[in-house]
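Asks: Quick one: structure below, then a few questions.
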Amino acid sequence: MSNNSKLIGALALGAAAGAAITLYLTSERGSEFRQMIADRAGDIFNDLKEKATEGKTMVTTMTDKLTSSAENAAQNVAGGIISKVQAHMYI
């Protein structure tokens, strides 16, 4: 067997051993890493969902307050107009 053949055989054997070791190590750690990413993505999704709910509640509260303020203002204006009309009717 020539030196080139031995070198090619050694490289092939080394590549096969490296591939086997990589598959062994990556499959276990890879699954843990994928699980960690999935857990973190779930946490981020839940945080975003919670923030969206808080935002919706805040907008609803503000809308209710503005609606109430607008209704009160409209009643005050209407009451003022009615008072002025009534005052002019009795003059």
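Asks: Just one of V59, V85 is free of Cβ contacts under 8 Å to residues at least 12 places away in the same chain and more than 21 Å from the chain's Cα centre (by Cα); which is it?
Replies: V85
Asks: Just wondering, is there one or more residues in the stretch 32-47 that are surrounded by 10 or more Cβ atoms within 10 Å (Cβ to Cβ), in a helix (DSSP H, G or I) and more than 34 Å from the chain's Cα centre (by Cα)?
Replies: no
Asks: Please verify whether I82 is at pLDDT 90 or above and part of a helix (DSSP H, G or I), treating the condition exactly as stated.
Replies: no
The values are calculated or read from the model by the stated rules, or taken from the named source; none is laboratory data. Predicted model, so just to flag it, every value in this text is computed and none were measured. As a convention, Cβ positions derive from the backbone with ideal geometry for all residues, glycine included, and neighbour counts pool all protein chains shown.
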